[in-house]
Amino acid sequence: MSNLENKRIVLIVSGGIAAYKALELVRRLRDGGASVRVVMTEAAQRFVGQLSFQALSGEPVHTDLLDPAAEAAMGHIEIARWADGVVVAPATADFLARLRAGAANDLASTICLATSAPILLAPAMNQQMWQNMATKDNVATLIKRGLRSVGPDSGAQACGEFGPGRMAEPVAIAAALADLFVPQTLSGIRVLVTAGPTHEAIDPVRYLTNRSTGKMGFALAQAALEAGAEVILIHGPVSLSAPSGAAAIAVVSADEMFHAVMENIKNIDIFISCAAVADYRIESPATQKRKKNDTSLSLTLTPTRDILKSVTAQSMPPFAVGFAAETENLLEHARSKLERKSLDMIAANQVGVKGLGFESSDNELHVLWKGGQQHLAKAPKEVIARQLVGLIARVHGQKES
Ligand code: PMT
């Protein structure tokens with residue numbers, strides 16, 4: 001069943017050429033089982049007629065803040081309260097600016113101010129307007145306040161320019177909206193996720209590391225938040241922003257990650273160990289930059305502490321999910337790690353192939369636990385993360401009951 005089933009969605013259409021694509025969005029939302037009420041700004045009505053939205057939504061279209069008939073029953077408040085979710089598509093630069101300022105000078109902006117429902121923005125505008133600091137700042141502030149955003153896409157624009165600013169496709173907007181209604185399967189649960197690589201110093205300017213970008217772990221933290229969990233994200237050096245709502249702790253080395261996890265593991269219900277922690281560190285990193293010479297160089301490596309194993313060795317361990325990154329004998333090695341590290345679940349991750357695992361945007365997992373297994377077919381890491389979090393919630397719930 002779609003997350004949009006029986007949801008009441010207010011679609012706000014502001015005035016941009018992408019307004020015509022909002023018609024397709026109405027169809028997508030209704031196909032997903034949602035009821036849709038459309039609100040149009042004055043400018044939007046110059047691009048697309050009300051009747052088209054009315055025909056597709058099966059509901060009258062709302063345009064006027066001071067419509068005497070509707071306002072007899074406080075129409076703007078009624079629409080704001082009716083909504084389970086609000087989507088602004090397209091969200092023009094002007095509308096974003098008004099939203100950030102808290103304006104209430106038309107029906108659309110007033111509803112955004114008066115609703116307690118989650119709001120999703122689908123920005124669309126000229127690429128230069130999108131890249132203007134004012135717009136960037138408006139969007140960043142709105143996201144910090146808890147609004148969500150999808151797109152914009154990059155490509156040829158109606159104005160003849162090329163770049164970012166095209167409204168996301170209706171199918172992507174509908175999917176992002178459905179994500180607002182993820183079942184709260186981890187409500188009240190505390191989750192600790194590790195992500196990214198570690199850096200093991202050779203000297204003050206060089207280090208040993210691996211190809212992890214942190215994408216998989218960050219997506220898991222985001223998915224756990226969406227499922228209602230309280231999330232701590234401990235990550236190595238990455239160039240990603242932590243999901244808002246997660247308590248993020250940045251570390252550098254395996255040793256620092258070990259200490260950060262141990263300091264935070266108390267009261268954690270679920271530990272997801274996605275980090276690609278170095279198995280070895282340099283025994284004695286040089287305190288000054290090593291000088292080059294013509295002879296070969298040997299470095300003595302010493303094993304790092306196994307963080308995951310240390311967590312499961314505790315007297316009251318959390319539900320522990322490990323990853324097994326393998327280039328060969330995937331399931332065999334994963335099963336052995338499940339046993340050896342006393343895990344509740346392990347996600348076997350084929351690595352060393354293009355398009356999966358390290359560095360890539362997609363992944364594929366074989367998830368094993370005592371009494372079950374499931375294959376998560378190749379998909380974007382965000383999708384895999386939601387599927388894995390759903391699975392973790394189910395198996396964790398069974399263990400607790
Ligand atoms: O970051 P991305 O680019 O998105 O890539 C994602 C990923 C490929 C890194 C991720 O999906 C993944 O597979 N992570 C585990 C990587 C790994 O270190 O696997 P491993 O098989 O070497 O380790 C087994 C488990 O022990 C892992 O859960 C690991 O976090 C943990 N471990 C390992 C060593 C150590 N010293 N302490 C640990 O806790």
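Sum up the charges of everything whose Cβ sits under 12 Å from the Cβ of I143, counting Lys and Arg as +1 and Asp and Glu as -1, but leave I143 out. All intermediate terms of the calculation are to be shown ahead of the outcome.
On the way: positive: R100, K136, K144, R145, R148; negative: D137.
Neighbourhood net charge equals +4.
Of the options L240, V251, N138, report the single residue whose Cα projects farthest towards the positive end of the charge dipole of region 136-276 (beta-carbon charges: Lys, Arg +1; Asp, Glu -1).
The residue sitting most towards the positive pole is N138.
Mind listing the long-range amide H neighbours of A379? Cut-off is under 5 Å, sequence gap 5 or more, other chains count too, H placed in the peptide plane at 1.01 Å from N.
So A379 has HN proximity to N363.
What is the sum of charges, Lys and Arg at +1 and Asp and Glu at -1, for the other residues whose Cβ falls under 11 Å from the Cβ of D306?
Net charge around D306: +4.
May I ask you to list the lysines whose Cα is less than 21 Å away from that of K215, ignoring any residue fewer than eight positions away on the same chain?
Cross-link targets: K144, K354, K378, K381.
Using the number of other C-beta atoms within 10 angstrom as an exposure proxy, rank D294, D179, D137 with the fewest first. If you can, show how the numbers build up before the last one.
Working: D294 4, D179 18, D137 13.
Final ranking by Cβ density, sparse to dense: D294, D137, D179.
Search the structure for amide H atoms under 5 Å from the amide H of Q373, placed 1.01 Å from N in the peptide plane, and list their residues when 5 or more places away or on another chain.
Result for Q373 returns nothing.
How far is the Cα center of region 296-337 from the Cα center of region 29-65, in Å?
54 Å
Give me the net charge of D344's neighbourhood, meaning all other residues with Cβ under 13 Å from the Cβ of D344; Lys, Arg count +1, Asp, Glu -1. Please report the intermediate quantities before stating the final value.
Working: positive: K337, K341, K370, R394, K399; negative: D269, E339, E400.
Result for the neighbourhood of D344: +2.
Counting DSSP beta bridges in the chain, what percent are antiparallel, to the nearest 5?
Numbers: 21 of 63 bridges.
Antiparallel bridges make up about 35 percent of those DSSP assigns within the chain.
Pairs of Cα atoms under 8 Å, at least six residues apart: use those to get the relative contact order of the chain, whole percent. Could you put the intermediate results ahead of the total?
Numbers: 845 pairs, mean separation 42.7, N = 401.
Reported as a whole number, the value is 11 percent.
Each residue of region 237-243 in turn: what ³J(HN,Hα) in whole Hz from Karplus with 6.51, -1.76, 1.60 and θ = phi - 60°, glycine and Pro shown as x?
These are the phi-based 3J(HN,Hα) values: x, 9, 10, 10, 8, 5, x Hz.
Would region 2-181 count as rounded, prolate or oblate if I go by the C-alpha gyration tensor, calling it rounded below 1.5 in a/c and otherwise prolate when a/b exceeds b/c, oblate otherwise? Please report the intermediate quantities before stating the final value.
Values: a/c = 1.43, a/b = 1.29, b/c = 1.10.
Rounded is the answer for region 2-181, as its axis ratio a/c remains below 1.5.
Going by amide H atoms built from the backbone, whose H comes under 5 Å of the H on F323, apart from near neighbours?
It is S273, A347, by chain and number.
Go through 255-261, 232-238, 84-90 and give me the packing order, highest mean Cβ count within 10 Å leading.
84-90, 232-238, 255-261
Out of all DSSP beta bridges in region 2-181, what portion is antiparallel? Express it as a percent rounded to 5.
Roughly 20 percent of the beta bridges in region 2-181 run antiparallel, per DSSP.
How far is helix 170-179 tilted off the main Cα axis of the chain, in degrees rounded to 10, range 0 to 90?
Tilt relative to the chain: about 60 degrees.
Values quoted throughout were computed directly from the atomic coordinates according to the rules given, and no laboratory measurement underlies them. This structure is a prediction, so every number in the text was calculated from the model and none was measured. Because the Cβ atoms are built from the backbone with ideal geometry, glycine has one as well, and the counts that use them run over all protein chains shown.
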